[in-house]
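For reference, the structure is listed below as structure tokens.
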Amino acid sequence: MLYFVGTPIGNLKDVSFRAIEVLKSVDEIACEDTRHSLGFLNAYEIKKPLFSCHKFNETDAAQKILEASKRGEKVAVVSDAGTPVVSDPGNTVCKILRENGEPYTLIPGACAFVAALVLSALDSARFAFIG
């Protein structure tokens with residue numbers, strides 16, 4: 001199973017209990033930048049093998065994730081801040097998993113555009129997010 005896991009945006013405490021639980025349970029973690037993610041993971045004493053999944057290697061990383069999923073391994077994908085796929089790597093991973101019938105899910109987390117909308121005091125009855 002693959003988990004796209006939302007990570008904190010700015011404050012390390014802006015993470016869900018579920019996200020921490022999933023990150024502690026997976027076999028390995030695909031990170032937008034392993035160096036950046038290591039600080040977050042260390043703060044929660046999560047020690048897992050890490051590998052890169054960023055815009056320059058996403059297709060290769062997606063193949064690695066697909067193979068791991070087919071072997072029954074659990075993999076998490078995290079971005080540097082926020083939710084993978086939304087303005088971050090992950091879309092290619094979704095596409096390849098879907099094409100191959102492999103399951104995946106989302107562990108939601110911090111969302112920058114919703115926070116910005118709320119703090120702006122703009123009318124939130126209707127809005128558009130464009131990358």
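Here are a few things to note about the model shown:
- Solvent-accessible ranking of 27, 80, largest area first, probe 1.4 Å: 27, 80
- Working from the Cα coordinates of segment 49-131, the gyration tensor eigenvalues give, after taking √(5λ), semi-axes of 30, 13, 12 Å in decreasing order.
- Exposed chymotrypsin sites (Phe, Trp or Tyr not before Pro) absent: longest stretch of the chain, with sites in DSSP loops and at most 13 other Cβ within 10 Å deemed exposed: 57-126
- Relative contact order, whole percent, for the chain stands at 38, derived from Cα pairs under 8 Å and 6 or more residues apart.
- Seen from every direction in turn and averaged, the convex hull around the alpha carbons of segment 11-70 projects onto 4.4 nm².
- With N as its number of residues, segment 1-106 has a Cα radius of gyration that, divided by 2.2 N^0.38 Å, comes to 0.96.
- Qualifying trypsin sites (Lys or Arg not before Pro) in segment 67-116, DSSP loop, other Cβ atoms within 10 Å at most 16: 71, 74
- Among the trypsin sites (Lys or Arg not before Pro) in segment 1-49, those placed in a DSSP loop whose Cβ has at most 12 other Cβ atoms within 10 Å are 13, 47.
- Exposure rank, largest accessible area first [69, 124; 1.4 Å]: 124, 69
- Probe 1.4 Å, protein heavy atoms only - accessible area per residue of the chain in square angstrom: 58
- Taking Cβ atoms as reference points and 15 Å as the exclusive limit, the residues near residue 33 contribute a net charge of -2, counting Lys and Arg as +1 and Asp and Glu as -1.
- Sparsely packed loop sites in segment 1-57 (the GluC sites (Glu not before Pro) outside DSSP H, G, I, E and B with at most 10 other Cβ atoms within 10 Å) comprise 45.
The values are calculated or read from the model by the stated rules, or taken from the named source; none is laboratory data. Remember, it's a predicted structure, so these values are computed and weren't measured experimentally. Note: ideal-geometry Cβ built from the backbone for every residue, glycine included; neighbour counts use all protein chains shown. Note: areas computed on protein heavy atoms with side chains; ligands, DNA, RNA excluded. Shrake-Rupley method; radii C 1.70, N 1.55, O 1.52, S 1.80 Å.
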